[in-house]
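Just so you know, all these numbers are worked out from the coordinates, no wet-lab data involved. Predicted model, so just to flag it, every value in this text is computed and none were measured. Here the Cβ positions follow ideal geometry from the backbone for every residue, glycine too, while neighbour counts run over all protein chains shown.
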Amino acid sequence: MGIKIPKSRAEKRVRRHLRVRKAVKGTSERPRLVVYRSLKHITAQLVDDDAARTLATVTSTKVGEGKKSEKSLEVGKQIAAVAKDKGISKVVFDRGGYQYHGRVKAVADGAREGGLEF
């Protein structure tokens, strides 16, 4: 019976993400909209899990000035525009183990404003 070592915040997030990924699967008709949040930036990707490939990526490093939440909203709008260009209108949202709150919610709201359904 050893000593329990507390898990880091990142390890807990990865474990939550794997738990969510059991249920969330992207296809070519309805890809997975994945959100990754770092301390400074946020990234959104469209992933086709059947073909195991990324269809599109938008990151906040390419977005203009503003607060992080404003940049996140813009990332959501841009990923929706890219999806529309590729003929995608419906996606499955993958929050990546993060709470559906703040910047993650802003990406989802921006994607919905851009015309994506999920």
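Structure notes:
- Of all residues in region 16-54, those being assigned to a strand (DSSP E or B), surrounded by 15 or more Cβ atoms within 10 Å (Cβ to Cβ) and out of contact with any Asp or Glu (no Cβ under 6 Å at 6 or more places or on another chain) number 11.
- Residues of region 1-14 that are under 21 Å from Gln45 (Cβ atoms) and either touching a strand residue (DSSP E or B) at 6+ places or on another chain (Cβ under 6 Å) or surrounded by 12 or more Cβ atoms within 10 Å (Cβ to Cβ) (or both): Arg13, Val14.
- Taken together, the residues in region 79-104 that are without any contact (Cβ under 8 Å) to a residue 24 or more places away in the chain, under 20 Å from Arg30 (Cα atoms) and either crowded, with 20+ Cβ neighbours inside 10 Å or under 12 Å from the mean Cα position of the chain (by Cα) (or both) amount to 0.
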